[in-house]
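Engineer: Once you've had a glance at the structure underneath, I'll fire off some questions.
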Amino acid sequence: ALQFVKQLGDALHSILLGASANRAQNIAPKIFLGINFYGNDFSLSRDSGGGAIIGRDYLALLEKHRPALQWDKNSGEHVFFYPDDKDIKHAVFFPTLKSISLRLEEARSWGCGISIWEIGQGLDYFFDL
């Protein structure tokens with residue numbers, strides 16, 4: 001996801017740089033970068049997909065499985081793995097202060113605004129930024 005955000009930023013810069021300085025200053029604040037406050041729980045089985053996961057469910061999985069969090073450079077988010085009750089391995093990606101901070105820095109560099117997806121479904125500490 002973070003790589004996509006950076007590619008989107010490159011495209012945005014091209015659009016803004018192709019405009020006059022005044023036009024670029026007028027366009028950037030009208031663009032919003034969507035930042036998710038929910039995560040995704042993907043089943044790594046061939047026959048399954050994944051779905052959104054909210055803060056309380058994320059915390060319950062952390063408490064139950066006590067997994068090691070890993071940083072995924074490609075998505076720009078932390079991830080952990082766990083087996084479910086049927087022994088199917090899952091990968092859970094969930095935003096953290098680091099991933100949110102990286103996205104905020106990117107939005108700042110573009111001069112655009114942000115839009116938070118599902119503000120009440122994340123973790124309370126997200127507002128510490």
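The values are calculated or read from the model by the stated rules, or taken from the named source; none is laboratory data. For clarity, every value in this text was computed on a predicted model and none was experimentally measured. With ideal geometry, Cβ positions are generated from the backbone for all residues, glycine too; neighbour counts draw on all protein chains shown. Only protein heavy atoms, including side chains, enter the accessible area calculation; ligands, DNA and RNA are left aside. Shrake-Rupley method; radii C 1.70, N 1.55, O 1.52, S 1.80 Å.
Engineer: Quick check: is even one residue across the range 104-114 under 22 Å from residue 50 (Cβ atoms) and either touching a strand residue (DSSP E or B) at 6+ places or on another chain (Cβ under 8 Å) or not β-branched (Val, Ile, Thr) (or both)?
Structural biologist: no
Engineer: Identify the single condition in (1) in contact with a Leu (Cβ under 8 Å, 6 or more places away or on another chain); (2) surrounded by 12 or more Cβ atoms within 10 Å (Cβ to Cβ) that residue 128 does not satisfy, given that it satisfies every other one.
Structural biologist: The number of the failed condition is (2).
Engineer: Can you confirm whether residue 39 is open to solvent by less than 40 Å² (accessible area, probe 1.4 Å) and at pLDDT below 90?
Structural biologist: No; evaluated as a whole, the condition is false for this residue.
Engineer: Among the residues of the range 83-95, is any in a helix (DSSP H, G or I), out of contact with any Pro (no Cβ under 6 Å at 6 or more places or on another chain) and not basic (Lys, Arg)?
Structural biologist: Checking the range 83-95: not a single residue is in a helix (DSSP H, G or I), out of contact with any Pro (no Cβ under 6 Å at 6 or more places or on another chain) and not basic (Lys, Arg).
Engineer: Between 108, 103, which is among the charged types (D, E, K, R) and either modelled with pLDDT under 80 or over 15 Å from the mean Cα position of the chain (by Cα) (or both)?
Structural biologist: The conditions single out 108.
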